[in-house]
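Derivation of every value follows stated rules applied to the coordinates shown; laboratory data play no part. Predicted model only: the values in this text are computed from it and were never measured. FYI the Cβ positions are ideal-geometry reconstructions off the backbone, even for glycines, and counts take in every protein chain you see.
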Amino acid sequence: MFKRISSIKLTHWIFIALVVGVAVGVYLPTWVEYIKPFRSLFLNAIKCIIAPLIFSSIVVGINSAGNTKSLGRTGAKAIIYFEIATTAALFIGLFFVNIFRPGDGLTISHSVNETVAKVAETKLTFATFIEHLLPHNFVEAVAKGDVLQIVIFSCIFGVAVMLAGEKGKPILAFSESLNHIMFKFTDLIMVLAPIGVGAATAASVAEHGIAVLQPMMKLVGTLYLALLAFAIIVLWPALIYARVNIKAFFKELRPTILLAFFTTSSESAYPAALESLEKMGVKNKIASFVLPLGYSFNLDGSTLYLAIASVFVAQAAGIELTLTTQITMMLTLMLTTKGVAAVPRASLVVLSGTLTAFGLPLEGIALILGVDEFMDMARTSVNLVGNCVATTVVSRWEGESLNPEFQRS
């Protein structure tokens with residue numbers, strides 16, 4: 001009996017907790033008073049990992065290029081494409097979440113630190129934005145949960161580690177260890193996820209009725225439509241530009257895409273993706289450099305998801321973000337998503353950091369977790385396809401041609 005229970009996956013436990021939470025909210029609403037503290041426990045656990053994980057991930061991500069020479073012609077071209085693609089993903093996500101407004105009809109509490117909450121209300125000017133980029137004190141930025149300042153500090157620190165050469169290697173080794181440990185820490189924290197999901201769902205259903213689940217389904221639908229639009233608007237033209245036989249491209253990658261979809265980890269599909277790209281005719285020196293670089297700097301699906309999820313939480317909290325604030329949030333996400341590994345639940349850390357930085361309630365994360373598996377499958381698949389497309393585009397920029405069966409005439 002114990003072995004059977006221990007074999008149940010975390011995803012299944014989250015679904016079970018979602019169902020139990022709905023049942024408790026409908027039939028035992030008086031229990032909610034005792035359940036709510038478990039929601040706060042889970043959210044506090046998430047908040048404590050944000051700064052060290054983002055710092056270590058970005059330092060490692062920047063140094064994954066190897067050295068300053070590796071950040072040369074091929075690296076520059078790859079980064080240019082990554083920025084174009086992720087920027088497009090952010091604004092497509094922003095467009096869809098404002099058009100369909102999946103957060104409407106859902107009400108969540110807005111219990112955050114007052115100092116942080118003022119960020120969402122402040123009218124940001126260009127001058128205040130520039131002045132705010134770097135912290136007076138890094139520890140202060142960590143304490144306040146100011147993710148934008150943490151990210152920019154980490155980016156500069158990562159470049160400094162690279163430029164330091166041999167003297168920077170001990171710091172890089174420390175960052176790699178810290179990064180690995182923080183992801184293990186995240187795995188341990190995720191054990192509390194079913195409790196957080198169940199408690200948040202029970203509280204919401206008890207307070208607002210069963211209709212509270214409708215916006216969650218609308219959120220999933222909005223994400224899938226936005227990802228489809230991104231594939232049509234960005235990835236399809238990129239493949240045409242790279243003169244790729246699109247039918248042959250997807251036929252070759254189909255098993256790899258399915259693997260990424262069902263495992264919700266593009267990391268698990270990396271070896272097969274690299275092999276498929278080389279089979280298509282992409283030179284190893286390009287594929288083995290651009291593809292792993294994309295895993296840190298070109299998470300198109302996750303970036304689009306984060307844009308939708310962040311504004312969704314604001315809508316659910318009844319906070320109307322100005323266009324300036326939304327664009328600032330997108331700039332923050334553009335930086336924050338760089339260097340965060342494409343592993344399950346990594347987006348959760350970035351989302352929690354963004355919500356905290358803009359004074360939005362973390363309670364929204366506990367609700368999103370209930371349907372996150374459905375969204376994770378789609379965004380992970382788009383992450384994988386986006387990196388494969390990026391590799392073929394950079395190959396084209398380098399003057400290389402694919403094998404005849406994969407090359408469009």
> In Å, what Rg and Dmax follow from the Cα atoms of region 163-237?
Replying inline: 21.2, 60
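Can you sort Ser57, Ser154 by how many other beta carbons sit within 10 Å, fewest first?
On the way: Ser57 28, Ser154 25.
The fewest-first ordering by Cβ neighbours comes to Ser154, Ser57.
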> Which ³J(HN,Hα) values, rounded to whole Hz and listed in residue order, are derived for region 190-196 from phi using the Karplus coefficients 6.51, -1.76 and 1.60 in 6.51 cos²θ - 1.76 cosθ + 1.60 with θ = phi - 60°, glycine and proline given as x?
Replying inline: 5, 4, 7, 4, x, 5, x
> Under a 5 Å amide H to amide H cut-off, with H placed in plane at 1.01 Å, what residues pair with Ile319 once short-range neighbours are removed?
Replying inline: none
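Arranged by the count of other C-beta atoms within 10 angstrom, fewest first, what order do Phe250, Phe55, Phe42 take?
Working: Phe250 14, Phe55 23, Phe42 26.
Taking fewest neighbouring Cβ atoms as first place, the list is Phe250, Phe55, Phe42.
So which trypsin sites (Lys or Arg not before Pro) in region 355-409 pass both tests, a DSSP loop state and at most 14 other Cβ atoms within 10 Å of the Cβ?
On the way: sites: Arg379, Arg396, Arg408; in loops: Arg408.
Passing both the DSSP loop test and the Cβ count: Arg408.
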>> Please list, ordered by chain and number, the residues whose modelled amide H lies under 5 Å from the amide H of Gln407; skip anything fewer than 5 residues away on the same chain.
In response: Asn245
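Cut-off is 10 Å between beta-carbons; in what order do Ile232, Ile308, Ile171, Ile319 appear when sorted fewest neighbours first? Mind showing how you got there, number by number?
Numbers: Ile232 10, Ile308 27, Ile171 16, Ile319 19.
Listing Ile232, Ile308, Ile171, Ile319 from fewest to most nearby Cβ atoms yields Ile232, Ile171, Ile319, Ile308.
Just order 269-277, 236-244 by mean Cβ neighbour count inside 10 Å, highest at the front, would you? Before the final figure, lay out each step's value.
Working: 269-277: 19.4, 236-244: 16.3.
Top to bottom by mean Cβ count within 10 Å: 269-277, 236-244.
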> Gly105's amide H: which non-local residues (gap 5+, or another chain) put their own amide H closer than 5 Å, with H modeled 1.01 Å from N in plane and none for Pro or chain starts?
Replying inline: none
>> Give me a comma-separated list of calculated 3J(HN,Hα) values for region 378-390, in order, Karplus coefficients 6.51, -1.76, 1.60 applied at θ = phi - 60°, integers in Hz, x for any Gly or Pro.
In response: 6, 5, 5, 4, 5, 4, 5, 4, x, 6, 5, 5, 4
> Taking a spot 7 Å from the Cα of Phe250 along the direction of its beta carbon, which residues of region 374-402 have an amide N less than 14 Å from it?
Replying inline: 382, 385-386, 389
